[in-house]
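In what follows, a single structure is set out as structure tokens and then discussed.
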Amino acid sequence: MSKHLPINRFSIIIFIITYVVLAPFMTYMIRIVSPDIYWHAAALVKFIDAGSFPIPPGYPFVLWLLSGFQNSLRPFLIGANIVLPLFMLLQIYIAYRFFHKLLYKEQKISSFFNWSDQKILFLSIAFFLMAPVYLGGGTFYFGRIALNVWHNPTYIAMAPFALALFIITPRYINNPTQHFMEVLITGIIVLLFKPSFLFAWIPAVFLYGFIFKSSSTLYLVRLGLPLLSLGLLIIAQYYFIYVEGMWENIAYSNVEKRSVEFGFSKAWPHLLEMGNISLLQSLISSFLFPLLFIAFYGRSGAINEYTRLSMYILFFGILIVIFVYEGGNRVWEGNFFWTGYSANLTFFLACIVNFLQIQQKRKFKETKSFILSGVFILHLLSGIAYMVYILITGSYA
């Protein structure tokens, strides 16, 4: 693994161009497409008027800070237009650092199979653009387990930190004492923006450490302390949102208080119907690349620690999507799908880098490597088509 990570003129120019492209796209999302972005800004006005602050507080605080601590809708929307593309850029940068760390090797002889700084940068952008493969149906979005989401500001803000938390997790599992604060701080940042990823990450990390590292009481206590701390903070958020009903009391009016329900989710069948796709279509569309990667290489001993860990996170993410949902006025919203989305994001990240590490040795000489490369391109083209669809139709669905 190389420590070489140049932020040179080329990479700076590409990042600037990416921001310049994303900023007007986000302007269009705010003005035409996404009620979520507008609604979060409008809700913040109501909260501050009431002398309170929304929970989770991370994204609202960023808007409030960028507004110069005003309480007005327009500065909040301007702040969203500035900061959301920056969060997207941060996601690309974190993926770039991860891909670079695992793929870059200094080579004197140029080759198509060498991963240069430029190729890794474009790979990171491609990862950012990927979406479930479009297999028909009425929409690109409903009923699928997405990776990247363009209409929800708290998910956009949370995603780069979820990736960062995932990337540092293996070294935490291997040495929880040394990396205690690193994981705790990153986890708190995730929690402040949107706790969804932690719902799957916390049980996955504990189970993974127990199975693959140690079952000793001392190790599990060290491993579990930050997990327990984050869990208690999640319970505190739960209290304010679901017991106190702060959103219903301040941001809504005449709306039934939401609740957390356990059982077969009513949201997924509803969203499948809205997307006009079957469950099988949804699963194939959402996980085609990583599922084929696991099928092709799972028995060869080539699966690395990141991929194994991401499978555990995805397992708990899917359990939450299926068996946990909001009751009350938000029963059809699929609000726990955010856990599945963020788990799928890390699943793709791990499988992509694992696949490319294998191909550094095998040089894409196998038929299955060409199949997987083609599927990777299908996910990328579906993501680009989804963005074009948004621009043409004015709808994220």
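Projecting label points 7 angstrom from Cα along Cα→Cβ for T177 and Y219 puts them 1.4 nm apart. Taking the fewest neighbouring Cβ atoms within 10 Å as the starting point, the ordered list for I352, I320 is I320, I352. Taken as entire DSSP H runs, the helices of the chain that both span 24 Å or more between Cα atoms along their own long axis and average 1.6 or more on the Kyte-Doolittle scale are 9-28, 196-212, 279-297, 305-323, 367-393. Note on N8 and N304: with the Förster distance fixed at 22 Å, the Cβ-Cβ geometry gives a FRET efficiency of about 0.15. Spatial offset of region 196-270 relative to region 335-397 amounts to 27 Å, using the alpha carbon center of each. Size descriptors for the chain (Cα atoms only): Rg and Dmax, in that order, 21.0, 68 Å. If you take all other residues with their beta carbon under 14 Å from the beta carbon of F180, and give Lys and Arg +1 and Asp and Glu -1, the sum is +1.
As a proxy for reagent exposure, ranking T307, T367 by other Cβ atoms within 10 Å from fewest up yields T367, T307.
Taking other Cβ atoms within 10 Å as a rough exposure proxy, S196, S373, S34 sort from fewest to most as S373, S34, S196. Computed over the chain, the per-residue total of -39500 (n - 2.57) for DSSP H runs of n ≥ 4 gives a 222 nm mean residue ellipticity of -23000 deg cm²/dmol, rounded to 500.
For the cross-link pairs K46/K257; K119/K361; K46/K266; K101/K363, the ones whose C-alpha atoms lie over 26 Å apart are K46/K266.
The region of the chain that goes longest without hitting one of the GluC sites (Glu not before Pro) in a DSSP loop, each with at most 16 other Cβ atoms within 10 Å, is 107-243.
Taken together, the values in this text are just the output of simple stated rules run on the coordinates, not laboratory data. Note that the structure is predicted; figures quoted are calculated from it, not measured. Ideal geometry is used to build each Cβ from the backbone, glycine not excepted, and the neighbour counts take in all protein chains shown.
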